[in-house]
Amino acid sequence: MATVRANGYVHVPAPVEGVEAGQELEVVLTTDPGSVGRTVLLVGTPDPALGELEELATARGLLVHTSRSGIHGAILALRRGSCHAAPVRLAAPDARVIRHLPPGHFAFLHLASISSRDGSPDTGRSEDYGLLIRNDLLDDPMISRLAAMVRSPDLKEKLAQMTGYDTSRTGEIGPPGSPSGG
């Protein structure tokens with residue numbers, strides 16, 4: 001049996017086989033109720049750049065919880081409203097999936113351009129890494145705070161010190177796949 005750290009739990013009576021997706025349930029919190037309103041949920045591809053953002057956010061009172069998922073799971077969670085944003089790489093094959101999203105529904109907040117990870121700097125390949133966000137969440141106070149942290153000199157400085165990370169577009173936001181959005 002594995003243990004999992006949780007911020008709350010739901011009691012499902014023994015005779016009940018499950019609950020419907022979207023059904024409202026009463027949750028027993030196992031954490032400070034005030035922390036719930038300061039928590040950003042991310043589902044997608046983690047990266048050291050995201051780790052730096054998480055550290056900065058925590059230092060500034062915003063909690064970031066990331067659940068690892070492939071591109072399809074991340075987009076599904078984002079579309080269902082199960083997370084605030086999806087950390088993604090705009091490189092093949094993920095870029096092909098993102099190109100098929102409905103236009104005008106999503107934005108891309110650029111964290112960094114990352115050089116090829118195969119150790120050879122002469123390959124010239126790079127991938128854009130950032131947060132895919134539903135447009136209706138762009139004005140959400142937590143997303144606004146997170147975006148401000150992405151644009152901060154503190155994060156840019158940390159990312160610039162990492163090998164292979166280009167911060168010239170860090171903080172730019174636009175449609176996924178656009179010159180200003182990844």
For this session: Let me have the 222 nm mean residue ellipticity of the chain computed from DSSP H runs of 4+ only, each contributing -39500 (n - 2.57), with the sum over all residues rounded to the nearest 500.
Result: -7500 deg cm²/dmol
Exercise. The chain: Rg/Rh from Cα coordinates, Kirkwood Rh?
Worked result: 1.01
For this session: Over the alpha-carbon set of the stretch 51-93, work out the extent along each principal axis and list the three values in angstrom, largest first.
Result: 33, 23, 13
For this session: Take the alpha carbon gyration tensor of the stretch 19-108, find the square roots of its eigenvalues, order them as a ≥ b ≥ c, and report rounded if a/c is under 1.5; if not, report prolate when a/b exceeds b/c, else oblate.
Result: oblate
For this session: Report the label-to-label distance for Leu101 and Asp140 in nanometres (one decimal), using points 7 Å from each Cα along the Cα→Cβ vector.
Result: 1.3
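Bear in mind that the values in this text are calculations on the coordinates, not laboratory data. Since the model is a prediction, treat every value here as computed from it, not as a measurement. Every residue, glycine as well, gets a Cβ built from its backbone with ideal geometry; the counts of neighbours run over all protein chains shown.
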